[in-house]
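The values are calculated or read from the model by the stated rules, or taken from the named source; none is laboratory data. What you are looking at is a predicted structure, and each value in this text was computed from that prediction instead of being measured. Glycine gets a Cβ as well: all are built from the backbone with ideal geometry, and neighbour counts include every protein chain shown.
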Amino acid sequence: MGMGNYPCSAEVVEQSFVKEICGDLLDNLVEYLKNHNTDLESLADSISNYTDDIDALSDDENIEVNKLYDLVVNKFNEVTGLQLGMGYHSAEDRGDEVDGEFWSVDGVYQYSPAGEKYKKNIITKSWTVYG
């Protein structure tokens, strides 16, 4: 199999928009992570690597993080009708539009009624992955 750069993209929303929709639920997640010496970047990295665990946390702490994250995601979906997720990408000096953690939404490529309502808050960003 050949190696090369592969294009990726996501419909990205700013964290401030997630905060606007989810309020204290997002604050609770951020605060819990901070109190356990980790952050959203570590959570997004674990999600991007298809694991449910942040290495620096115990099993019980990871269970709590997943519960808090699910509360944010479910509230966002309930209010907007859009499916919220997190991702992580290291641009590594490639000039990608995504570097670090990001919030993405699904269900907006052909704007659904919910996507149409919130399209001013949604930005498509691209990056490449080498592999």
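Note on the range 88-131: residues that are over 16 Å from the mean Cα position of the chain (by Cα), among the small types (G, A, S) and outside any loop (DSSP other than H, G, I, E, B) amount to 2. Quick check on E64: is it at pLDDT below 95 and either among the β-branched types (V, I, T) or in a helix (DSSP H, G or I) (or both)? Against the criterion (at pLDDT below 95 and either among the β-branched types (V, I, T) or in a helix (DSSP H, G or I) (or both)), E64 does not qualify. Only one of the listed residues (V18, V79, V30, V72) is β-branched (V, I, T), under 22 Å from W127 (Cβ atoms) and either within 14 Å of the chain's Cα centre (by Cα) or modelled with pLDDT of 85 or more (or both). That residue is V18.
If you go through the range 68-112 and keep only what is among the aliphatic types (A, V, I, L, M) and closer than 16 Å to A10 by Cα, you end up with L82, L84, M86, A91, V98, V105, V108. Within the range 57-80, does at least one residue satisfy the condition of being surrounded by 17 or more Cβ atoms within 10 Å (Cβ to Cβ), in contact (Cβ under 8 Å) with a residue 12 or more places away in the chain and in contact with a Ser or Thr (Cβ under 8 Å, 6 or more places away or on another chain)? For the range 57-80, residues surrounded by 17 or more Cβ atoms within 10 Å (Cβ to Cβ), in contact (Cβ under 8 Å) with a residue 12 or more places away in the chain and in contact with a Ser or Thr (Cβ under 8 Å, 6 or more places away or on another chain): present.
Working only within the range 1-44, note down all residues that are of a type in the set (V, I, T) and assigned to a helix (DSSP H, G or I).
Scanning the range 1-44 gives V18, I21, V30.
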